[in-house]
Each structure stands twice: as structure tokens, then as C-alpha cells.
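These notes concern the structure reproduced below.
The values are calculated or read from the model by the stated rules, or taken from the named source; none is laboratory data. Keep in mind the model is a prediction, meaning the values are calculated, not measured. Positions of Cβ are generated from backbone atoms using ideal geometry, with glycine treated the same way; all protein chains shown enter the neighbour counts. Remember, those area values only see protein heavy atoms, side chains included, never the ligands or the DNA or RNA. Shrake-Rupley method; radii C 1.70, N 1.55, O 1.52, S 1.80 Å.
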Amino acid sequence: MSTIASASALLDISGLSITYGHGDEAVVAAQNIDLTLKPGEIVALVGESGSGKSTLSKAIIGLLPQSARILGGSINLGGENLLSRSERELASIRGRRIGMVPQDPGASLDPVKTVGSQISEVFRLHPQGHKLSRVELRAEVIRLLELVGIDTPEQRISQYPHELSGGLKQRVLIAIAFALKPELLIADEPTSALDVTVQQTVLEVFTKLARELGTAVIFVTHDLAVATDIADRIVVMQHGQIREDRPVLEILRSPEDAYTRMLLTEATASGDASRIATGMGAITVPAIEVAGLTQIYGRGKTERAAVDEVSFAVRPGTTFSLVGESGSGKSTTARMIMRLLEPTAGTVKIHGQDVTHARGIDKRELWRSLQLVYQNPDSALDPRYSVSRIISEPLENYKVGSKAERRLRVAELLDAVNLPTRMAALGAKELSGGQRQRVAIARALALGAKTLVLDEALSALDVLTQAQILALLEDLQVNQGLSYLFISHDLHVVERISHDVGVMRQGRLVEVGTATQVLNNPTSEYTRLLLDSNPGALLREMATN
Amino acid sequence: MSIKLEEPLLQTLGGGADPGPNNGTAQGHAAKPKQRAIRSVSFWLTCAPLIVVVGWALFPSLFSGYDPISGVPAQKFQGPGLEHWFGTDHLGRDVFARVVHGTSQTLLTAGLAVCIGLVVGTGLGLLAATAGRAADAVTMRLIDVLLAVPGFLISLIIVTAYAPGPISLGVGVGIASIASFARVVRSEVLRVRSLDYVEAAFMNGGTYWSVVFKHILPNSCGPVLALLAVDLGVAILAISGLGFLGFGSPPPTPEWGLLIAEGRQYLASAWWLTTLPGIVIVLVVVLLAGLGRQLHKIFRF
Amino acid sequence: MAAYIARRIGQALLVIWLAYTLVFLAVQLLPNDPVTIFLSADAAANPETIAAMKAQYGYDQPLLVQYFNQLTGLFRGDFGYSLASGQPVSERIGSVASSTLVLASSAFVAAVALAVLLVASATLVRQSWLKRFIINLPPLFAAVPVFWLGLVLLQLLSIQLGIMSLFPDGSFASIAVPVLVLAIHISAPIAQVLLKSVDNVHAQPFVDVLRAKGASPSWIFFRHTLKNAAAPAMTISGITVGTLLAGSVITETVFARSGLGQVVLQAVTAQDVALVQGMVLLTATAFVLVNLVVDLLYPLLDPRILKSGTHGAPRALVA
């Protein structure tokens, strides 16, 4: 490790080991961690889920869950070991000397207290010198709200969290964290729950404040692109260990660790947008064709178009990506195409057939050739079922083949999604997220579907797993001539897999075209904003050089 | 008025110190919770005494050699001891024998009540959860009514109009437990139904009934099973309470509530007549509640 | 706000009406009408007396007329007549209700206090063995029959220790002990739900943020958790009204207090269906009113309730 504990260090962690549970079931979450932070330094802690990055950050602020056990090591803040402090002493340090910006702004504010009272609470918890009067408190709260760029702070003070958007909530939380000008700030995936355009503005506010106030920051993230955008130094973690700890530019130029290299490759990889899809003849019937598709919710005053006159076509054997932020209507569009939701207006054609009003037997037939893969691999498979039973369920329902033939088909499908045949006997609960997603794809293909709708199918997976599933999808497309409608908010992934891209905003399709066209020369302002907000400017720069 | 009880009810079932389902950080260890739970010591510590109690109900004479109905007057009012574990009553009858022989009466009545609650409640809950908005609204109001009229009074109407006895009690207490079953079934079915794999099952060619039976019901059975155990305990309490008031089987039939009511006259001289049968009731109900918690854990998907 | 209140009141009226209708139907399903049942024990009753009594109480009228007469009576506070005494149900009950009302309401207040006390100590106590012990109290309370607990306390306090009389004499113990017995029983479900609800609140990220602000466990519990966790506990408290009535009747019997318990027992013994029916309606009305109050209190606790209105009713299954 290249860290040298210097006298001027603000935070000095050495030999820290943490496990969860005890006895045979103990899981090592952090192993012999050494880490130092200078005052005012911004360090990004990067790793996949289970790498121990969150555990480490929670240990620093003393918020480990009860099942966690610190086996050894020390955490020194300004020379005093936090691990030897009592709970009461820690409480006086938290909020005053160490602040925290949490992961999920939606659930991180008390829903039944006003925004103002939750900010002023910090001052009431840590009275300094004289007690602030109500008026002084109020002025202080307003000043903080202005500091994080919230307009009309006088009104916001008396509002409840549910009246604020996600981005505003995160700003309030940032205001709380910076209220007492702490020396150290722990930010645990502070923007992963936000839309990309919101993420950018929040990150700007956050880094600006940290730089201005000279606050040292530990920024925990799974997203290497975000890390490179804001940090001075990057610490890569895997399996509870630090793999690499170096300044951003060095790590980008010459990564030493193999795992870091893999993460970097994935973060910079871009699709070959010029690739030609297989099996594209001169005259082709679109795999999916929608025209004027509309979904209106509510009635009268509350009427709102979730999807507004959307038209596009998915060429057979290609991938069409529908991109947009949350609430843009992309999933609603997918559900209407799947016939899971009745459109208010418009038509849906699948492989040339109008299925807008298909029901009963027609709908059953439709689902033989058109299948959906869900975002969340945890809920997509019945937890009581074995893998083979999950994959053969559609075969049984449509009475395809004999028992032996079905077993053969399951083996064939497992092979197609690169899972070993022995997995057929495992229960759905025993699989990892990536494996579950493969099983879900196998099930979707069981009846020979030619078109898949992938609704954020990669979003719940880690970066490297994402890359594997992406490769699998590409293989399947080439080998079986599949067409994909790929729904995603992640431009990086979209760039890698798409032939065509459509951009949605507030229910409308604002731009549609080939991937090269939309991603390189966007015509709509919104697409440009999306592309600009996409983190990883530095990464892209490095990749092109 | 609309009472949103699904949560609280399930919460009560979830019980005390159990950790939540989703705090397992390690996936590998969560693999086979069912087998682990069945092998666990606490599961058998809960089940073993309950099995003994069921034994009392089925073969009472195996557990006590004394006659529960006719006693030996010479041995009346003997305190608890090796010969008579729970002592003897004013007629010289062995109290332990009367508790053992009363088990079948109490369990059968409670069982009848729970069956009524389970069958009608599950039906109503399924209807509310799967048959659309109108059916849901109507069923939920119906359940509100069932909650609004205490089971105690429902039992009393039936007892008043017919005659005191186990059937009247069982039906009354059973009607009272319909509401809790209906609520648990409804909320569980709603929860499971919104999961992706249920929708996927439809897209993979499942029909309404095949999906209900293959995916929805099996995955929502855990809390219902748990409620079954807990509700049996609640029914035992309600029935012994009504028995205590004299609305159950007439004497000399041994029934747990009635036993305590009889002992009440001798409160000053023979404490064991009321205290010891009561401890049996408390233990059985506590164990049933514990069993409910364990079942809830085992069948959580 | 107005819409919320109107909707809740509408639902309450609907439930009272449904309860009335169901009870009416249930009474019609009995093998005989209330008068015949009442007089069945009386050997001297001949068809003429039965007919005369039916006419007196209106049981000779067509069913629909009976239904509407009784229904309109309900809104005038008329819950029918006791066949045994000829008094209106409300009068028969009113004369003894105050004693029961005092017992039930003080037990309710004590139960809520006990539940909050249990949950607060379970949450804030540091020693894990003590915490475990407290957490296991509510399930135990729930399993203890009211009548048994009453008898055991009587046995202990008045016979063994002699600090309270066997019969009510107005002393503090003779009032406090029945209240305590009932409160322990009622507190069990409230404490269980509150405990679980507190656990759920504590699992939410905002509690971590509070700790990161430097708040102590008791600060978090009293200033944040309790308000967030209160709604489910309030719901269950409202529902205990039914249990409270049954518990009061039993407690009164055990401690030989006068009150509704006596009336109920007499009504059942005399096979006075009309009186029991009247009590059912009265209880249902009380239940609905209490729960209406609970419903109207929710928005004070949680500002989100008015915003979201009712939670969306489920749609039918696909396919």
C-alpha cells in the first residue's frame, strides 16, 4: 500500500478488520484496512456490492449494525482513536466533526417532521456556546438552504419531506451534513438513487461546498465514472480488501491491479455503433412497431399522460434502446407493448401483427414470441421453484414436448445462457443476481421467443456482471437473430448494446435515430443535457486519447 | 371508517426479537432456512409440549390414571403432590386428570372456531384480493363489521338463542376470527401478486387458477399458517373465558375454563384448583404463539 | 381535509348500517323469534301470551317494517327493548354502564401507558438480557386469561396477604387491581404492534441519518420514532374496544363488581335475545365511533395521509 501515515493526517485507519455474524457463519467484510486522509481531501471508495466499502464507511462514523464485529485495528480522527470512545462521546463527534450524506434521499428524512426542524435539529443537538434563539435558528436554516441552492427557503422550511423532489431532499441532507462544518464527511452512494441530470447538479453543490469549507470527504460509490469526476484519490475495494489506492490520474493512466483494470475497461468500453445486425434483409417487418401509443392516467383535473403519442419501430435482429429518467414513461410503454396494460390510444404491432387489442388466446400466442425480462432478479423468479422447474414452466403451460424432451430443452437453454447444467437442480434462492437474470432470460427464450423486452434488466447488477450479461445478450442476438427493446436509464450501457436509440422525456419521445446519430450528434436539447450529465468526462477523455 | 390492520396483524405475528428477513448479508447462508429451522432446538422445544397436549386430547387415559368425573370423597382438597400433581377438588377428583380429560373438549371447540375462521376468512381474503375493486371494497367493509361486533357478543347471541355448549361457542368464536384470517390472506395475496414472477407466470402461459394455485397460494401460506397457530391460542382463551362464565359445556364435563370457574368457590382454601389449570392454559397459548412465530419464519419466501 | 373527514364519516355510517343489517338477518336466521325463545323456558306461556307479547314489541309486523322501524330507532338512540324487564335497552344498560365505562376507560389508558412504557424500555435498555425479557412480556400478557389473572391476584392479595378485600369496598386496591388485570390483557396487542412498528421505523435510513447527526437513542425514540410508529399502534388500540367489553364483563364477574357484566349474564340466562341484540348494536356503534376518532387523528401524526388519500384498491389480476 502506498499510504504513509503522516503527522498531518486527518483520518488514519490502520489494520481495521470487521466481520458480520460469528462462528462458522461469520463473513469478513473488511480485512486489515489501512487508509489515511489529509484535511480537505476527497477520496472515492469504489467497489461492487459486498466489497466492504459501505462497511468501512459506516465503521468510521460508528454506525455499524449490531451484527458487525470489529476484530482489530484503529480509526484515528485528528489523533484520537474513535474505536475507544464511548457511545456518548461518539454522539458528540457525529454531526459535529463527522457528517454523513446518505444513499437514499427518499427515506433519509423523517417523514413526519418539517424540513426546517430537521435541519435546526443539528444545532439543538450540538449547542455551541450560547443557545441559539428561534429567530437565529431560522436564519441559520435559511442560510444553509440557500447554500445548497434551494430556492424560496422560507417556504421550504415548513414543508414536509414528501413535498420535495428527490434532488431537493438530497440537498437538504447535504445542508444537514455541512451545517456544523465538519472536518470529515462520509457520503455513501449519495446520488445512486437520483436521475442522471439531478445527480450532476447535486454532485456540483456537494463538491463545491466541500472544497469551499475544506471538508475531507470519503465518497463511497459503485460508479467509477462518478468517482473520477469528483475525487482526488481513488481507493478500489474488493472482497473487503483495498486493491489499489492512488490519485485519480495515476490510476486512470496506469492501473496496477488486475481488478482495477477490469473495472476501468468496463467503464470505458463503448459499443461498436457501426456494427450491422444479422439477418437484415432488404424488406423487413419490424419486430415491434408502435404508433401514436398513449397512456393517460387520471381524469379531469388530475389527467396526466404517462405516455404521449409515442411511435417507433424495432428492426428485426437489432437492439432498440428506450432511454429516459424515472417517470419518463419508458416502462409504461414497455408494459403496453407487452399487453400488460391497455393503451388509451395508438397501435402496437408485433412481427407485423396488430396486437393492440389482443386478449385471451391471442394474448397467449403473443407471449410465445414476445417476452419480458424484469429489472429485479430477486422477484422475477418464484423462490420456491428450482431452476429447471422455472425454465420448463412455459413449456408445461403450452404443453410442449414430453417430459424427457422438456428436460433436454432446459439443458439446452441453460447452455445457451452459459449456466452449467448442474444448476438445474438448484433453488432460485441459491443463485446470485447475475445467475438469476440468466435463468430469467432462459425462461423467456423457452418457447422460442424472437423478441425480448428488457426493462432495466441490468440496473440491479454489478458492473462486471452487467458486462457479462451484455455479452450474453449480444451472443444470443447473433446466434438466434433476436430483437431487443432495451429500456434503460444508463447511457453507458445503452451506448454499448444499441443499434437504435429513442429518448423519452415526460411521456414523449423527444428523439429517435441510430445510436451513432443520437449519441454523437443529438438534435434535441434534452438529449444533449442527458449526455452532458453523464458522469465520467475524464474517463472518456482518457479513452479517446 | 376503514381499518388498515394488515400490517399490525402481520407485525404481531412477526413477534418480538426475530430479525427481519432481509438483513442477511451473506447469500450463501440463507440457502435452506426451512431445513435449518426444522432441525433447530427451539422449534422442537415449542413443538414437543404441544404434541403432548394433543396426546392428552386423543388418549387422555394414557396420561392420567384417575377418573375425571367421579372422585374419592375421602381424598378431597389434597394439595398438589406426587400422588395428585395438581391436587384434588371438593369431590376428591384428581385435578390433573380433569385438565387432561378436558383437553379434547377445549381443543375441539377451539379447532372448530379456527376452521370456520380459516375457511371463511381465506375465501373472503382471496375474493377481496383478486376479484377487483368493487369486491374488495365490499369485503373490506364486511370485515370492518366483523371487527366492530366483538366475537364475545356474537357467541352470546348464539348461546342465548340455542343453548350453552361447545358448538355454539365454537361457531361464535369462529365468526370472530374470520376477520383476522381474511385480512392476512388479503394482504399476503396482494403482496405476492404484485411480485414480478406472478406476472411472468401469466406471460408464460399460466391461467388464472393455475397461477393462483402454483404461485400465489403457496407463497402466501406462511403468515396464514402462523396465524392458524396463534389464532388457535386466541380461540382457546376466548373459549375458556366463555366457559368460565358458564356458557360452555355444563358440569361435570371437564373443560379448562369451567375447571377454573368451579375452583373459584374454594379460592380461600384450595388455591391449586384455579392456579394450576390456568398455568396450563397460559403455557399452551404461549407455545402456540411461539409456534406461530416459528412457522412464520420457516415459510417466509 | 374536508373530503377526508367526509369519506371517513360516510364509511363509519356504512359500517353501522351493515352491522345492523347483519345482526337483524342473524336474528331472523334463529329457529324462532326472540319472544318465542324468551318464553320457551316459561312453562306457563301459551300461544295467546306469546302473540300478545309479540304484538307489544312489534315482532308481529312484516319483516321489512320491523327492519325499518328498528333501523330508524337506531338513529334516535333506540336500541330496542329488553324482553325480560320491558325496559328500553339503552335504559337497562345506562343504569349500570357508568361503572363499566370507568373500568374500561381507565384500563384502556393504563394499557396504552403500559405498552409505551414496555416498548420504550425495550428500545432503550442497554443490557441485552433485560431487553430480551421485556420483549417477551407482551406475548406472555396476551396468553394470560383475564379471569385467571384476576383470580390469582385475588388469591394472592386478599387471601394470602390480606391487603385487599374479596368484594369491592371502594378501597384503592379494589379499584386498581381490576383495572390492572384488564390493562395487562389489553396492553399486550398494543405493545406487540408498537414494538414491531418501532423496529420497522428503526430499520429506515432516516434513523441512521439521525444517529449521524449525533442524536442519542432516547432523543431518536421520543422525538422521532414514537410519532412515526404510532399509527399501527393506534389502529390496534381502536380495535381493542371489542376486547375491552368482553374483558370488562369477565373482570366484573371475577371481582364481583356491578356493571354491564351482570346485565349480559342475566340476558343470556333469561334468553333475552332482544337485549343481547341491543347490546351488540350499542357496542358496534361505540367501536365505529372510537375508530372514526382514530382515523381522524391519523393526519395529525402523518402529513402524508391527506396527500395520498386512500391507498389504491387492488386491480383485478391480469389475464
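Excluding ligands, DNA and RNA and using a 1.4 Å probe, chains C and A jointly bury around 2400 Å² of accessible surface, summed across both partners. If you wrap a convex hull around the C-alpha atoms of the stretch A:15-57 and split its volume per residue, what is the figure in Å³? With only Cα atoms used, the stretch A:15-57 gives 74 Å³ per residue. For the stretch A:88-148 versus the stretch B:146-203, the spacing of their alpha-carbon centroids is 48 Å.
Could you sort A:Ser51, A:Ser386 by their accessible area in this structure, using a 1.4 Å probe and putting the largest first? Write down the numbers at each step before the final one.
Details: A:Ser51 5, A:Ser386 30 Å².
If we order A:Ser51, A:Ser386 from most to least accessible, we get A:Ser386, A:Ser51.
Using only alpha carbon pairs under 8 Å that are at least six residues apart, calculate the relative contact order of the stretch A:211-274 and give it in whole percent. Here the relative contact order equals 23 percent. Taking the C-alpha atoms only, the angle from helix A:134-147 to the longest principal axis of chain A is near 50 degrees.
Seen from every direction in turn and averaged, the convex hull around the alpha carbons of the stretch B:41-113 projects onto 6.0 nm². The percentage of C-alpha pairs in the stretch A:4-137 whose separation is greater than 23 Å is 45%.
Per residue, the solvent-accessible area of the stretch A:210-365 (1.4 Å probe, heavy atoms of protein chains only, all protein chains present) comes to 45 Å². Tell me the relative contact order for the stretch B:49-153 as a rounded percent, counting alpha carbon contacts under 8 Å between residues six or more apart. Here the relative contact order equals 20 percent. For chain B, the mean residue ellipticity at 222 nm estimated from helices alone is -22500 deg cm²/dmol, where every DSSP H run of n ≥ 4 contributes -39500 (n - 2.57) and the total is divided by all residues, rounded to the nearest 500.
So what's the back-of-envelope 222 nm ellipticity for chain C, counting only DSSP H runs of four-plus at -39500 (n - 2.57) apiece and dividing by all residues, rounded to 500?
Working: 14 runs with 236 residues, N = 319.
It lands at -25000 deg cm²/dmol.
Interface of B with C. Using a 1.4 Å probe and counting protein heavy atoms only, the two chains hide about 5800 Å² of accessible surface, both sides summed.
Accessible surface buried at the A:B interface totals approximately 2400 Å², computed with a 1.4 Å probe on protein heavy atoms.
For the stretch B:231-248, accessible area lost to neighbouring protein chains reaches 50 Å² or more, against the chain alone with a 1.4 Å probe, at B:Leu237, B:Phe244, B:Leu245. When the Cα convex hull of the stretch A:317-467 is projected onto planes of every orientation, the mean area is 9.9 nm². Per residue, chain C exposes 44 Å² of accessible surface when a 1.4 Å probe is rolled over the protein heavy atoms with every protein chain present. The alpha carbons of the stretch A:182-332 give a radius of gyration and a Dmax of 22.0, 66 Å, in that order.
Quick one: compute the contact order of chain B, relative version, from alpha carbon pairs under 8 angstrom and 6+ residues apart, as a percent.
On the way: 451 pairs, mean separation 68.2, N = 301.
Relative contact order for chain B comes out at 23 percent.
When the dipole is taken about the Cα centre of chain B, and only Lys, Arg (+1) and Asp, Glu (-1) are charged at their Cβ, what size is it in debye, to the nearest 20?
Values: 19 positive and 15 negative charges, 144 e Å.
With only Lys, Arg, Asp and Glu charged at Cβ, the dipole is about 700 debye.
To the nearest 10 degrees, how steep is helix A:258-268 against the longest Cα principal axis of chain A, on a 0 to 90 scale? Between the helix axis and the principal axis of chain A, the angle is about 60 degrees.
Angle of helix A:115-125 to the longest C-alpha principal axis of chain A, folded into 0 to 90 degrees and rounded to 10: 30°. A viscosity of 0.890 mPa s and a temperature of 25 °C, combined with the Kirkwood radius over Cα pairs in Stokes-Einstein, give a translational diffusion coefficient for chain B of 116 µm²/s.
Taking all protein chains together, B:His84, A:His162 sort by accessible area into A:His162, B:His84, largest first [probe 1.4 Å].
About the Cα centre of the protein assembly as shown, what is the dipole size in debye to 20, counting +1 per Lys and Arg Cβ and -1 per Asp and Glu Cβ, all else neutral?
Values: 93 positive and 91 negative charges, 84 e Å.
Dipole magnitude for the protein assembly as shown comes out near 400 debye.
On the principal axes of its alpha carbon atoms, the protein assembly as shown extends 109, 73, 62 Å, with the longest extent given first. Measuring heavy-atom accessible area with a 1.4 angstrom probe and counting protein chains only, the residues of the stretch C:173-219 that give up at least 30 Å² relative to the chain alone are C:Gln192, C:Val193, C:Lys196, C:Pro205, C:Phe206, C:Asp208, C:Val209, C:Arg211, C:Ala212, C:Lys213, C:Gly214, C:Trp219. Among the residues of the stretch A:94-114, those with an accessible-area drop of 30 Å² or more from chain alone to full protein complex, heavy atoms and 1.4 Å probe, are A:Arg94, A:Met100, A:Ala107, A:Ser108, A:Asp110, A:Pro111, A:Val112, A:Lys113. Can you work out D for the stretch C:184-304 in µm² s⁻¹ from Stokes-Einstein, where Rh is the Kirkwood radius over C-alpha pairs, the temperature is 10 °C and the viscosity is 1.306 mPa s? Rounded to a whole number, D works out at 93 µm²/s. Overall, the accessible surface of the stretch C:1-134 at a probe of 1.4 angstrom is composed of carbon and sulfur to the extent of 68 percent.
Could you state the number of Å between the C-alpha centres of the stretch B:85-144 and the stretch C:89-143? The two parts, judged by their Cα centres, are 24 Å apart.
For the stretch A:88-215, build the convex hull from the C-alpha positions and give me its volume per residue in Å³.
On the way: hull volume 13.5 nm³, N = 128.
Convex hull volume per residue, Cα atoms: 106 Å³.
Applying the Karplus relation 6.51 cos²θ - 1.76 cosθ + 1.60 with θ = phi - 60° to the stretch B:57-65 yields 3J(HN,Hα) values of 5, 7, 10, x, 5, 5, 9, 8, x Hz, where x marks Gly and Pro. Summed over the residues of the stretch B:186-301 and divided among them, the accessible surface reaches 30 Å² per residue at a probe radius of 1.4 Å.
Return the carbon/sulfur percentage of the accessible area of chain B, one whole number, probe 1.4 Å, all protein chains in place. That fraction is 70 percent.
Across chain A, Cα-Cα pairs more than 43 Å apart make up 26 percent of the total.
Of the accessible area of the stretch A:166-212, computed with a 1.4 Å probe over protein heavy atoms only, carbon and sulfur atoms account for 48 percent. Counting only protein heavy atoms and using a 1.4 Å probe, the accessible area of B:Leu195 comes to about 50 Å². For chain A, the mean residue ellipticity at 222 nm estimated from helices alone is -11000 deg cm²/dmol, where every DSSP H run of n ≥ 4 contributes -39500 (n - 2.57) and the total is divided by all residues, rounded to the nearest 500. Each of A:Arg233, B:Arg264, A:Arg508, A:Arg261 has its accessible area taken with a 1.4 Å probe; listed largest first, they run A:Arg508, A:Arg261, B:Arg264, A:Arg233. Rounded, prolate or oblate: which fits the stretch B:118-194, taking a ≥ b ≥ c as square roots of the Cα gyration tensor eigenvalues, rounded meaning a/c under 1.5, else prolate when a/b beats b/c? Verdict is prolate for the stretch B:118-194. Taken over the alpha carbons of the stretch A:448-545 as equal point scatterers, the Debye sum produces base-10 log I(q)/I(0) values at 0.11, 0.12, 0.15 Å⁻¹ of -0.37, -0.44, -0.68. Heavy-atom accessible surface of B:Trp85, to the nearest 10 Å², is about 150 Å², with a 1.4 Å probe and all protein chains retained.
Here the Debye sum runs over all C-alpha atoms of chain C as equal scatterers in vacuum, and log10 of I(q)/I(0) at q = 0.11, 0.12, 0.14 Å⁻¹ comes out as -0.88, -0.99, -1.18.
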